[in-house]
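Student: Structure in structure tokens, see below.
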Amino acid sequence: MRIRFRFTKLGKVRFTSHRDIARIWERSLRRAELPLAQTEGFSPRPKVHFGLALSTGHESLGEYIDVDLREPEAESIDVAALPALLTPLLPIGVDVEAAEVIDRKEPSLQQAVTACTWQIEVPGIEPGALVADVARMLAAPTLEITRERKGQATVDDIRPAIRSVEVVGPTPADRFESGSVLFAELATQPRGLRPAELLIALVPPRQEGRVRRLEQWIELDGARREPLPAATRATPADRLVS
Amino acid sequence: MDSVWPRLEPLLSKVQKPARYIGLEDGAQQPEHGPGKVAWLLLYPDTYEIGLPNQGLQILYEILNERDDAVAERAYAPWTDLEAQLRSHGVPLFSVETHAPAGAFDLLAFNLSAELTYTNLLNCVDLAGVPVRAADRGDDHPLIAAGGHCTYNPEPLADYVDLFVLGDGEEVVSEITAVVRDWKASGRTPGSRHNVLRELSHVPGVYVPSMYIVEYDGEHLASVTPRYPDVPAKVEKRTIADLAEWPYPRQQLVPLTEVVHDRLNVEVFRGCTRGCRFCQAGMITRPVRERPADQVRSMVAQGLRRTGYDEVALTSLSTADFSDIQGVVRDIVSTPVNGQQISVSLPSLRVDAFTVGVAAELNRGRRSGLTFAPEAGTWRMRQVINKLIREEDLYEAVDGAFSQGWRRVKLYFLTGLPTETDEDTLGIAELGRNCVKVGRKHNPNASVTLSVGGFVPKPFTPFQWFGQNTVSELQRKVNLLRDDLRRDKSVQLKWHDPKATLVEGIMSRGDRRVGAVIEDVWRAGGVFQEWSEHFSLDAWLEAMATHGLSPDWYTHRHRTEHEVLPWDHLDAGLHRDFLWQDWKDALAELGLEDCRWTPCYDCGACTGYSIEHIVASAVPPAGGSQGTGQDLAVGGEVPVTLLARKPEPVPS
């Protein structure tokens, strides 16, 4: 049986790495005494599948993990109760918001997710000025940036990966340096576009402040959906900067 | 207390591995500070990855936070990238729980486990905004304290640390808390810092260096004597009588990011009487105090359930010597926790076939490498250091390892030992080659790694009088081995940098004059000296020259029987004449049996404190010949006194 969990990564815990989060989940799943399916071989590990990596330091309202459980033991599990069971076993800031049994034949998260929505803080520029810079960037037919791939510098046109960018207002008052907040929807395939890479396409280039992933999207036949809707969250009001 | 978090947070996106600065570990406490509470900041002067697992600090962390009149938080040395950010933005060192500034605590208490971290201690004090020299601190500054094995020669840091603690910290932290609590309650009036330190010097186990006068006779130390009649002339170490009364840590910290020893750790005994003469830990932690097997079992089961770890290490200086180790290990591996098979590791394997048998039992899945420490290459040399492993023991152990599926064996050795000849040094290579031959019977690709460290004589060991080998002599010996092993592709040789060995030696047996050298190296930017990318011998030699001190005099010179040693005013429980006799025995190549199961040598550790070894079994472990000098293949019974033990506390 494969269960997909949706969880957040908010606050101090955002400074853990993707790999750290994987290890934290493994320990918490063991503490919950779930009948984890294990890999074969000398060092058996639980069969867990993570979605797109989230950079160290970025927050998220929509992270996912798929966990394989042994049958028949798994059949007696109350899947709907798992978020409440697991959240106290995870660090502060990692809240499990939904759990659902999914078909094993579903493509992996890494394959299925094709775009993400981001909330990106841009320090050092007022919203009005940023609106103009963004408009100029989006008007360009191509946007070439230099970035590294497997240790080699490559020049890529990132314009096709930018679905939308919208300036939504100033950063909250408690930030170290004031600036603007924008929402951006960026493609993850064929090669994902990172928020920092989007900002270096601006003229002049900008550095990212706080970044939060808001949604991940699976697109199929013209429709799009999240891998798992949050049972309790992700209404537009919750997406606001905090 | 204010939090530096708002100022720290923007800096964390600019540094490597920021997870080590955020706290949030499972088991971390959320202490509430208050005027009636003594605030301790427990520091490890190295990176989070190395410092977090330190069991000593974790034990004290829980004991202090259980008290009504104390709170404890933790801090670690920031890596150089964060340090640069902190300094350029004027942000002080902070605790990882509430991110409170370090300077706002009442005590900064360091664990000192390695000499090369001393400059990091100074750096942490400075980053806390506290004057690095004890004499420059005022009534509003925190007290700087240190404990751990290095404090058995605290003199190099005597001008920088206000108080040192010798020995087990479980009881003494509460006694220190009481004194500091009264000081706080009295309002820390002007000039009261001196009084509280004098008061602290009355607490058994506490050494306050500013309360002592140091006199020299030319270059030699003449005496260290108390300034006042109420200050003890000799400071004795603290020893807890019964480990069963201290089932700590109850809530081992589970970090969010990877650290060394990332597993559950359960201490099964403290102390060791194997009597290896180079080993300071074995000398200063006597007597042997075993934890009752049932308590070990319950700490393991509860710890695994709480943490979610799938691995537990049974820690001690020689875990294979724990009474009925086989039974305990069998129980652990045959009892699944969290619905899962548990793997057990023994960080200190004894060199014999019995131990490999235990290892096979506990490590059913992962068999990549096994490590043993024969320490010396010839039987003669092993008699000198009293590590009485016969060659047959080693070959049987290696045979057992390869026949049971291990693919690599690692052997630890010391070079630069007293009386060592080139034949002894080359014996290391010979043992390595022979072990490969043994392994080839089972695995055509058998390989052996030889790891060679330069020997540093330590205080309160029989070798404290020995002049350590020079850098060039150690390098020559390493080269001998390297040349000898050039054609043996199955024997890999690794060695510790002899230059670092010299600096460790200077601080290991240095006196108060060495402190200025540590300060100079720190001021020149010499932090993280145990990290090879940051270590610089030249910085140390320059500072020694500046202060007119000779590395030769401090490290390479043999000391004489009646020379005043910088730690003579401290007492590790060992009689000086016992150590001197043991030194003579070493030179005479005379081995000494393990006193756990044989008559007492009156080293002083038990008799001086009216406590005794607490061992559950009157029978030495089967199969080991090391230390006892007897054939114990069938487990010969040797009479020992078993102490009546208090009823075990019910595990909570």
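The values are calculated or read from the model by the stated rules, or taken from the named source; none is laboratory data. As the structure is a computational prediction, the values presented were derived from the model and not from experiment. When we count neighbours, we look across all protein chains shown, and the Cβ atoms used for this are built from the backbone with ideal geometry, even at glycine.
Student: Taking A:LYS9 and the conditions (1) more than 10 Å from chain B (Cβ to nearest Cβ); (2) closer than 22 Å to A:ASP103 by Cα, which numbered condition does it fall short on, given that it satisfies the others?
Tutor: Checking A:LYS9 against (1) more than 10 Å from chain B (Cβ to nearest Cβ); (2) closer than 22 Å to A:ASP103 by Cα, the one that fails is (2).
Student: Let me ask something else. In segment A:100-125, how many are over 16 Å from A:LEU193 (Cα atoms) and outside any helix (DSSP H, G or I)?
Tutor: Going through segment A:100-125 one residue at a time, the tally reaches 14.
Student: Return the pair list, or none, for Cβ contacts closer than 6 Å from residues in segment B:1-14 that are at the interface with another protein chain (Cβ under 7 Å from one of its Cβ atoms) and surrounded by 16 or more Cβ atoms within 10 Å (Cβ to Cβ) to residues that are of a type outside the set (Asp, Glu) and assigned to a helix (DSSP H, G or I), at least 6 apart or on different chains.
Tutor: B:LEU12/A:PHE15; B:LEU12/B:PRO18
Student: I'm trying to understand the selection: among the residues of segment B:410-465, which are more than 15 Å from B:VAL478 (Cβ to Cβ), part of a helix (DSSP H, G or I) and not aliphatic (A, V, I, L, M)?
Tutor: B:GLU423, B:GLU430, B:ARG433, B:ASN434, B:CYS435, B:LYS437, B:GLY439, B:ARG440, B:PRO462, B:PHE463, B:GLN464, B:TRP465
Student: Quick check: anything in segment B:300-320 over 19 Å from the mean Cα position of the chain (by Cα), surrounded by fewer than 17 Cβ atoms within 10 Å (Cβ to Cβ) and either away from every other protein chain (no Cβ under 14 Å) or free of Cβ contacts under 8 Å to residues at least 24 places away in the same chain (or both)?
Tutor: no
Student: Of the conditions (1) touching a residue at least 12 places away in the same chain (Cβ under 8 Å); (2) among the acidic types (Asp, Glu); (3) surrounded by 19 or more Cβ atoms within 10 Å (Cβ to Cβ); (4) within 14 Å of chain B (Cβ to nearest Cβ), A:ASP20 satisfies every one except a single condition; which number is it?
Tutor: That leaves (1) as the condition not met.
Student: Given the condition touching a Pro at 6+ places or on another chain (Cβ under 6 Å) and of a type in the set (A, V, I, L, M), answer yes or no: does some residue in segment A:95-106 qualify?
Tutor: Yes, some residue in segment A:95-106 is touching a Pro at 6+ places or on another chain (Cβ under 6 Å) and of a type in the set (A, V, I, L, M).
Student: Give the residues of segment B:15-47 that are more than 14 Å from chain A (Cβ to nearest Cβ) and either charged (D, E, K, R) or under 19 Å from B:VAL259 (Cβ atoms) (or both), sorted by residue number.
Tutor: Hits for segment B:15-47 are B:GLU32, B:LYS37, B:LEU42, B:LEU43, B:TYR44, B:PRO45, B:ASP46, B:THR47.
Student: For segment B:212-270, how many residues are in a loop (DSSP other than H, G, I, E, B), over 18 Å from the mean Cα position of the chain (by Cα) and aliphatic (A, V, I, L, M)?
Tutor: 5
Student: Take B:VAL517 and tell me if it is of a type in the set (Val, Ile, Thr), in a helix (DSSP H, G or I) and more than 30 Å from B:GLU561 (Cα to Cα).
Tutor: No, not satisfied.
Student: Here is a further query. Is it the case that some residue within segment A:82-90 is among the aliphatic types (A, V, I, L, M), exposed (fewer than 13 other Cβ atoms within 10 Å of the Cβ) and without any contact (Cβ under 8 Å) to a residue 60 or more places away in the chain?
Tutor: yes
Student: Pairs needed: first member in segment B:470-487, over 15 Å from B:LEU450 (Cβ atoms); second member anywhere, basic (Lys, Arg); C-beta distance under 8 Å; at least 6 residues apart or different chains.
Tutor: Close Cβ pairs (under 8 Å, with a partner that is basic (Lys, Arg)) amount to B:VAL471/B:LYS499.
Student: Among the residues of segment B:448-468, are any among the hydroxyl-bearing types (Ser, Thr, Tyr), farther than 25 Å from B:LEU592 by Cβ and at pLDDT 90 or above?
Tutor: Looking for residues that are among the hydroxyl-bearing types (Ser, Thr, Tyr), farther than 25 Å from B:LEU592 by Cβ and at pLDDT 90 or above, one finds at least one in segment B:448-468, hence yes.
Student: Another question, if that's okay. Can you find even one residue in segment A:25-34 that is aromatic (Phe, Trp, Tyr), part of a helix (DSSP H, G or I) and in contact with a strand residue (DSSP E or B) (Cβ under 8 Å, 6 or more places away or on another chain)?
Tutor: yes
Student: Please work out if A:ARG206 is under 14 Å from the mean Cα position of the chain (by Cα) and crowded, with 18+ Cβ neighbours inside 10 Å.
Tutor: No, not satisfied.
Student: Of the conditions (1) crowded, with 19+ Cβ neighbours inside 10 Å; (2) at pLDDT below 95, B:GLU155 clears all except one; give me its number.
Tutor: (2)
Table: residues versus (1) closer than 30 Å to B:HIS556 by Cα; (2) touching a residue at least 40 places away in the same chain (Cβ under 8 Å); (3) away from chain A (no Cβ under 14 Å).
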| position | (1), (2), (3) |
| --- | --- |
| B:LEU346 | no, no, yes |
| B:ASP393 | no, yes, yes |
| B:TRP406 | no, no, no |
| B:ASP422 | yes, yes, yes |
| B:ASN443 | no, yes, yes |
| B:SER447 | no, yes, yes |
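Student: Which ones in segment A:38-70 are within 13 Å of another protein chain (Cβ to nearest Cβ), surrounded by 18 or more Cβ atoms within 10 Å (Cβ to Cβ) and β-branched (Val, Ile, Thr)?
Tutor: A:THR56
Student: What number of residues within segment A:23-37 are more than 9 Å from chain B (Cβ to nearest Cβ) and aliphatic (A, V, I, L, M)?
Tutor: Residues meeting the conditions: 1.
Student: Turning to a different aspect of this structure: Do you know which residues across segment B:171-200 are closer than 22 Å to B:GLY56 by Cα and touching a Ser or Thr at 6+ places or on another chain (Cβ under 9 Å)?
Tutor: none
Student: Right, another one. Determine which member of the set B:LEU122, B:LEU127 is closer than 13 Å to B:GLU519 by Cα, in contact with a Lys or Arg (Cβ under 9 Å, 6 or more places away or on another chain) and in contact (Cβ under 8 Å) with a residue 12 or more places away in the chain.
Tutor: B:LEU122
Student: Moving to a separate point now. Would you tally the residues in segment B:322-343 being at the interface with chain A (Cβ under 10 Å from one of its Cβ atoms) and either more than 12 Å from B:ARG297 (Cβ to Cβ) or not hydrophobic (A, V, I, L, M, F, W, C) (or both)?
Tutor: The qualifying residues number 5.
Student: Now a separate question. Name the residue that is farthest from the other protein chains (Cβ to nearest Cβ), counting only residues in segment A:168-205 that are assigned to a loop (DSSP other than H, G, I, E, B) and hydroxyl-bearing (Ser, Thr, Tyr).
Tutor: The qualifying residue farthest from the other protein chains (Cβ to nearest Cβ) is A:THR188.
Student: Working only within segment B:389-432, note down all residues that are within 22 Å of B:ARG486 (Cβ to Cβ), charged (D, E, K, R) and out of contact with any Asp or Glu (no Cβ under 9 Å at 6 or more places or on another chain).
Tutor: B:ARG408, B:LYS410, B:GLU420, B:ASP422, B:GLU423, B:ASP424
Student: Can you tell which of B:GLU115, B:GLU66 is surrounded by fewer than 21 Cβ atoms within 10 Å (Cβ to Cβ) and at pLDDT 95 or above?
Tutor: B:GLU66
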